[in-house]
Amino acid sequence: IFLTAIVVAAVTAFIKFKSTSRRRYLVAASLFTGLAVSTKWTGVYLLPIFAVIELFSLRVSNLPRYILAFLVIPAAIYVLSYSQFWLQGHPVSQFVELHRQIWLYQIHLTATHPYQSSALSWPLNLRPVWYYVDYQDTTVANIYALGSPLIFWAGLLAVLYTIFLILLRRISLRSPHLYLVSCYLLFFIPWVFSPRIMFLYHYLPATPFMIILLAWALTRISSKFAIGYTLFAIGFFIFFYPLWTALPIPKTWVHLFFWLPSWR
């Protein structure tokens, strides 16, 4: 959730910079990029996102400040995030070896888990993650990382719909929709090729952009439809809330939440 919040902040700051040319937004985007990469390596996907946003207006004279903003400063923040490591007296060679081991772990991990899932299953919300369960005589409490079906399934349709409109040139390549689709795809597609085991929560950084596209698609249909959908989404939230938050419910109710065999 930290990575997701920082990623959204970085993209927002960069788009604000593009629309206003105010330097403070570029500085904010640079700092947030450094924080994102320091939180999780996948924060580096912000760089191709910014490249897409900048694609149609990049001038050679802008390159030095972009190198500073999105390579030098984020790299410095990343190194500084290991301050405790440096203060404990570890040499650079150990820093390099640590990162080699991290990389080897990612590409050679052969462990399995009952709730692992493939990246292609995430948009369909097929395999949630079960974090916690507490069985009592008549009640059960769960923490079950299941995406709201109404948002996940409709959100996927919204993304596909937007891509379809872009391909048909119904949406300008300079519109924010291209940025949102790029953000979604760049935080999702690389996981398809990951050799390690993965879980539904790896999809989280892509979901805010999917939700924004969903909101746009709903309002494109009609404001009344969007309001009706929102009320249904709130209803789904209330319905699934016990399953997400370990709120004890009668055991006889549990079967109501597991709609698909893969959810068990």
*If ARG65 passes every condition in (1) touching a residue at least 12 places away in the same chain (Cβ under 8 Å); (2) more than 22 Å from LEU178 (Cβ to Cβ); (3) open to solvent by less than 80 Å² (accessible area, probe 1.4 Å) but one, which one does it miss?*
(3)
*SER83 fails exactly one of the following numbered conditions: (1) loosely packed, with under 12 Cβ neighbours inside 10 Å; (2) without any contact (Cβ under 8 Å) to a residue 60 or more places away in the chain; (3) farther than 23 Å from THR33 by Cβ. What is the number of that condition?*
(3)
*Considering each of SER194, SER262 in turn, give the residue that is assigned to a loop (DSSP other than H, G, I, E, B) and hydroxyl-bearing (Ser, Thr, Tyr).*
SER194
_Candidate set from region 239-257 (those that are touching a Leu at 6+ places or on another chain (Cβ under 9 Å) and free of Cβ contacts under 8 Å to residues at least 60 places away in the same chain); member that is least open to solvent (accessible area, probe 1.4 Å)_ = PHE239
*Looking at region 108-131, which of the residues that are part of a helix (DSSP H, G or I) and open to solvent by 60 Å² or more (accessible area, probe 1.4 Å) is nearest to TRP263 (Cα to Cα)?*
LEU120
*Since LEU247 meets every condition but one in (1) over 22 Å from LEU126 (Cβ atoms); (2) over 23 Å from the mean Cα position of the chain (by Cα); (3) in a helix (DSSP H, G or I), which condition does it not meet?*
(3)
_Filter pass, ILE67 being modelled with pLDDT under 95 and either under 21 Å from the mean Cα position of the chain (by Cα) or farther than 29 Å from TYR203 by Cα (or both)_ = no
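Return the total of residues in region 132-182 being assigned to a helix (DSSP H, G or I), free of Cβ contacts under 8 Å to residues at least 24 places away in the same chain and open to solvent by 40 Å² or more (accessible area, probe 1.4 Å). Please lay out each step first, then the result.
Let us first name the residues in region 132-182 that are assigned to a helix (DSSP H, G or I), namely 149-167, 176-182.
Remaining after also requiring free of Cβ contacts under 8 Å to residues at least 24 places away in the same chain: 160, 163-167.
When the remaining residues are screened for being open to solvent by 40 Å² or more (accessible area, probe 1.4 Å), the result is 160, 163-164, 167.
So the count comes out to 4.
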*In this structure, does TYR229 turn out to be touching a residue at least 40 places away in the same chain (Cβ under 8 Å) and either assigned to a helix (DSSP H, G or I) or of a type in the set (Phe, Trp, Tyr) (or both)?*
yes
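The values are calculated or read from the model by the stated rules, or taken from the named source; none is laboratory data. All figures in this text were calculated on a predicted structure; none of them were measured in a lab. Quick reminder, even Gly has a Cβ in these numbers, built from the backbone with ideal geometry, and neighbours come from all protein chains shown. For the accessible areas, the whole protein counts, side chains as well, though only heavy atoms, and no ligand, DNA or RNA atoms are used. Shrake-Rupley method; radii C 1.70, N 1.55, O 1.52, S 1.80 Å.
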